[in-house]
Amino acid sequence: MTDDAIDGLALEKIDRWQRGFEERAAQARALNELTSELSATAREGHGAVEVTVGSDGQITRLWLDEEIRRQPAETTARQIMAAVRAAKESLVRDFARATAETVGLDSATGQAVMRSVNARLGRPDPESDGRDQAQ
């Protein structure tokens, strides 16, 4: 093989790497666009409690129907917490859908994104066997 042929093969390999990097960067940008404004809303207590959480898992809106005054505060508290959990579960599903559509759930990037989302939302890592949680 001549030096020119070797140089040509090396340049082709570099071009493939660059295209791969550019493709992954475009996928990451698309994922960021899809997820940056995500939020999820859940209702509990026959609609008496409504909670919205933002993409970071923080409550961005809490709405309580006037009917809430007719029940014990403990019941209201349970309904609020249940609505927060349900909204976060919905948010995880939305992140998973966006991740699957862009970088793929099975890719290293997709797995890292979902681990980060689960950690940020206070959910156990599905890949973990629970030992990390007990310490």
>> What pairs come out if I take residues in segment 106-135 that are closer than 19 Å to Glu89 by Cα and modelled with pLDDT of 85 or more and pair them with residues that are hydroxyl-bearing (Ser, Thr, Tyr) and surrounded by 15 or more Cβ atoms within 10 Å (Cβ to Cβ) whose C-beta lies under 7 Å away, six or more apart or interchain?
In response: Gly110/Thr99; Val113/Thr99; Met114/Thr99
>> Looking at Gly110 and the list (1) touching a helix residue (DSSP H, G or I) at 6+ places or on another chain (Cβ under 9 Å); (2) over 30 Å from Phe21 (Cα atoms), which single condition is not satisfied?
In response: (2)
> For segment 84-107, how many residues are among the acidic types (Asp, Glu), touching a Leu at 6+ places or on another chain (Cβ under 8 Å) and farther than 17 Å from Ala119 by Cβ?
Replying inline: 1
> Does at least one position in segment 104-117 carry a residue that is in a loop (DSSP other than H, G, I, E, B) and among the hydrophobic types (A, V, I, L, M, F, W, C)?
Replying inline: yes
>> Tell me yes or no: at least one residue of segment 35-57 is closer than 26 Å to Arg123 by Cβ, under 27 Å from the mean Cα position of the chain (by Cα) and assigned to a helix (DSSP H, G or I).
In response: yes
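Here is a yes/no grid of residues against (1) in a loop (DSSP other than H, G, I, E, B); (2) within 22 Å of Glu101 (Cα to Cα); (3) over 31 Å from the mean Cα position of the chain (by Cα):
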residue: Leu9; (1), (2), (3): no, no, yes
residue: Ala28; (1), (2), (3): no, yes, no
residue: Arg61; (1), (2), (3): no, no, no
residue: Ile68; (1), (2), (3): no, no, yes
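Yes or no, residue by residue, for (1) under 29 Å from Ser116 (Cβ atoms); (2) at pLDDT below 95; (3) in contact with an Asp or Glu (Cβ under 7 Å, 6 or more places away or on another chain):
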| site | (1), (2), (3) |
| --- | --- |
| Ile14 | no, yes, no |
| Glu37 | yes, yes, no |
| Ala42 | yes, no, no |
| Ala82 | yes, no, yes |
> In segment 80-128, what count of residues is obtained for those that are within 30 Å of Ile68 (Cβ to Cβ) and charged (D, E, K, R)?
Replying inline: 7
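The values are calculated or read from the model by the stated rules, or taken from the named source; none is laboratory data. Keep in mind that what you see is a predicted model, and the values were worked out from it rather than measured. Neighbour counts run over all protein chains shown; Cβ positions are idealised from the backbone, glycine included.
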